[in-house]
Amino acid sequence: AQSVAQPEDQVNVAEGNPLTVKCTYSVSGNPYLFWYVQYPNRGLQFLLKYITGDNLVKGSYGFEAEFNKSQTSFHLKKPSALVSDSALYFCAVRDGANSGNTPLVFGKGTRLSVIA
Amino acid sequence: EPEVTQTPSHQVTQMGQEVILRCVPISNHLYFYWYRQILGQKVEFLVSFYNNEISEKSEIFDDQFSVERPDGSNFTLKIRSTKLEDSAMYFCASSDGQVSTEAFFGQGTRLTVV
């Protein structure tokens with residue numbers, strides 16, 4: 001079975017500082033990993049994904065994430081946070097051994113608050 | 001850019017009433033999903049749908065729930081007799097079915113059962 005853990009309910013960071021939102025996963029096959037962002041009263045917006053290849057993937061709005069197989073982690077990062085980055089962030093996983101129809105499994109979400 | 005659209009954005013219903021939530025997936029996608037998010041909490045999978053039948057469903061998706069693709073564009077979620085605990089944000093998603101492809105989500109329908 002697939003699972004995702006986001007150990008932090010809330011992350012606070014000052015504007016201009018680097019941010020990290022943590023995610024660890026568990027799958028039996030190869031992990032396909034995704035980050036989504038949810039702004040207030042909005043839907044889930046895709047940020048980036050790791051499928052294969054370079055462990056550092058870059059996505060929308062200056063976000064990047066690093067895949068670490070030995071630590072089964074896929075932490076979301078940004079070098080310099082903006083107040084507008086404040087939102088709810090979800091990590092999701094799909095087992096690459098399964099079909100594409102297999103639904104994404106989401107973590108519980110981490111609320112990022114960037115303070116001016 | 002193509003997008004998933006959901007209607008209505010907000011639905012208020014009385015306990016015991018039936019509701020139908022509507023979704024128009026991205027036109028060339030073949031796989032459709034419903035997820036639920038109870039106020040600011042985890043996004044939970046309800047059901048996936050392909051080729052006019054349910055592919056997979058979670059424990060949440062009991063006999064009160066049903067899905068349908070009544071025509072070539074709409075994908076609906078019906079809750080037969082709503083309960084207070086059905087109050088949540090319901091998200092529709094679609095994908096092309098490639099295992100490496102992300103799912104595209106709609107803006108959600110906020111269902112409030114009173």
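The values are calculated or read from the model by the stated rules, or taken from the named source; none is laboratory data. Just so it is clear, the structure is predicted and the values come from calculations on it, not from any experiment. Here the Cβ positions follow ideal geometry from the backbone for every residue, glycine too, while neighbour counts run over all protein chains shown. Heavy atoms of the whole protein, side chains included, go into the accessibility calculation; ligands, DNA and RNA do not. Shrake-Rupley method; radii C 1.70, N 1.55, O 1.52, S 1.80 Å.
Summary of values
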quantity: Computed lengthening from A:Leu82 to A:Lys69, 0.36 nm per intervening residue step minus Cα-Cα distance; calculated: 1.8 nm
quantity: Peptides ranked, highest mean first, by Cβ atoms within 10 Å: ranges B:106-112, A:25-31; calculated: B:106-112, A:25-31
quantity: Label point distance in nm, A:Asn55-B:Ser66, each placed 7 Å from Cα along Cα→Cβ; calculated: 5.1
quantity: Between segment A:59-87 and segment A:17-56, the Cα center-to-center distance that results, in Å; calculated: 8
quantity: Mean Cα-pair separation over length for chain A, i.e. relative contact order, pairs under 8 Å, 6 or more apart, %; calculated: 38
quantity: Calculated FRET efficiency for the pair B:Ser27/A:Ala97, C-beta based, R₀ 41 Å, to 0.05; calculated: 0.90
quantity: Relative contact order (%) - criterion: Cα under 8 Å, at least six apart; region: segment B:5-101; calculated: 38
quantity: B:Leu77, A:Leu56, ranked by accessible area, largest first (probe 1.4 Å); calculated: A:Leu56, B:Leu77
quantity: Calculated from backbone phi, Karplus (6.51, -1.76, 1.60) coupling profile of segment B:76-84 in Hz, x at Gly/Pro; calculated: 10, 10, 10, 10, 6, 9, 5, 10, 4
quantity: Mean-position separation - Cα centroids, segment B:46-114 and segment B:1-24, in angstrom; calculated: 10
quantity: Within segment B:10-35: backbone nitrogen closer than 17 Å to the B:Arg80 label point (7 Å, Cα to C-beta); calculated: B:15-21
quantity: Interface area, B with A, accessible, probe 1.4 Å, both sides summed, Å² nearest 100; calculated: 2000
quantity: Derived scalar couplings ³J(HN,Hα) [segment A:35-50; Karplus, 6.51 cos²θ - 1.76 cosθ + 1.60; whole Hz; x for Gly, Pro]; calculated: 10, 10, 10, 10, 7, x, 6, 10, x, 7, 10, 5, 9, 6, 8, 10
